[in-house]
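The values are calculated or read from the model by the stated rules, or taken from the named source; none is laboratory data. Predicted model only: the values in this text are computed from it and were never measured. For neighbour counting, all protein chains shown are included, and Cβ atoms are generated from backbone atoms with ideal geometry for every residue, glycine included.
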Amino acid sequence: MEEVKSKVDSFIRKVVDEKGRPETLYKAARHIIEAGGKRLRPYLVCKTCGLVGGVEEQAVPAAATVELLHTFTLIHDDIMDQDTVRRGVETVHKKWNLPTAIIAGDLLFAKVFEVLGMVGLSDLYSCEVKLSILQLLTEAAILICEGQA
């Protein structure tokens, strides 16, 4: 599990780059990710890929999108629930402010689709698989919103 976590974290660091501007926005977006977490969801994505005959390493971008989506929802959930601590650190809205937290979550949501675009340009997956990934993540995002309402 640690190997998948390391690969996914490395991939996410490249996507939510420290050189991203505005700097405060990118720091806020990385805050909860850098606080840790088990990365169970990405692990399940990679292992499932391997179980169905795929190459686990090639599933890292898809696994990262799941973690980005999850972290986006955590940031927004902390706002809605007025939580002050997540993974042992201050929540994004507590450490920065409410507008920064909202836009940091939104940035992570947009990064999901940026990564999906990268996957879309890759020859590693068939068009059918690419479309399935997009549909699954879109459905997951909708269900998360409906569940939070």
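Listing for the model above:
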{"quantity": "Some residue of segment 6-16 being part of a helix (DSSP H, G or I) and crowded, with 21+ Cβ neighbours inside 10 Å", "calculated": "yes"}
{"quantity": "Scope segment 120-149; condition in a helix (DSSP H, G or I) and either touching a Lys or Arg at 6+ places or on another chain (Cβ under 6 Å) or polar (S, T, N, Q) (or both); matching residues", "calculated": "Gly120, Ser132, Gln135, Thr138, Gln148"}
{"quantity": "Criterion: without any contact (Cβ under 8 Å) to a residue 12 or more places away in the chain and not acidic (Asp, Glu) - qualifying residue of Val55, Val45, Val60", "calculated": "Val55"}
{"quantity": "Inter-residue pairs, beta-carbon under 6 Å, first closer than 14 Å to Phe72 by Cα and in segment 13-38, second among the aromatic types (Phe, Trp, Tyr), 6+ apart", "calculated": "Ala28/Trp96"}
{"quantity": "Hey, Glu128 exposed (fewer than 11 other Cβ atoms within 10 Å of the Cβ), farther than 21 Å from Glu23 by Cβ and under 19 Å from the mean Cα position of the chain (by Cα) or not", "calculated": "no"}
{"quantity": "For Lys38: the one exception among (1) of a type outside the set (A, V, I, L, M, F, W, C); (2) farther than 19 Å from Ser132 by Cα; (3) in a helix (DSSP H, G or I)", "calculated": "(3)"}
{"quantity": "Flag if Ala28 is part of a helix (DSSP H, G or I), closer than 20 Å to Gly117 by Cβ and not charged (D, E, K, R)", "calculated": "no"}
{"quantity": "Single unsatisfied condition, Ile75 versus (1) at pLDDT 95 or above; (2) more than 10 Å from Leu108 (Cβ to Cβ)", "calculated": "(2)"}
{"quantity": "Pair list, Cβ < 6 Å and 6+ apart or interchain, from segment 64-87 residues that are farther than 18 Å from Pro99 by Cβ to residues that are part of a helix (DSSP H, G or I) and basic (Lys, Arg)", "calculated": "Val66/Arg41; Leu68/Lys111; His70/Arg41"}
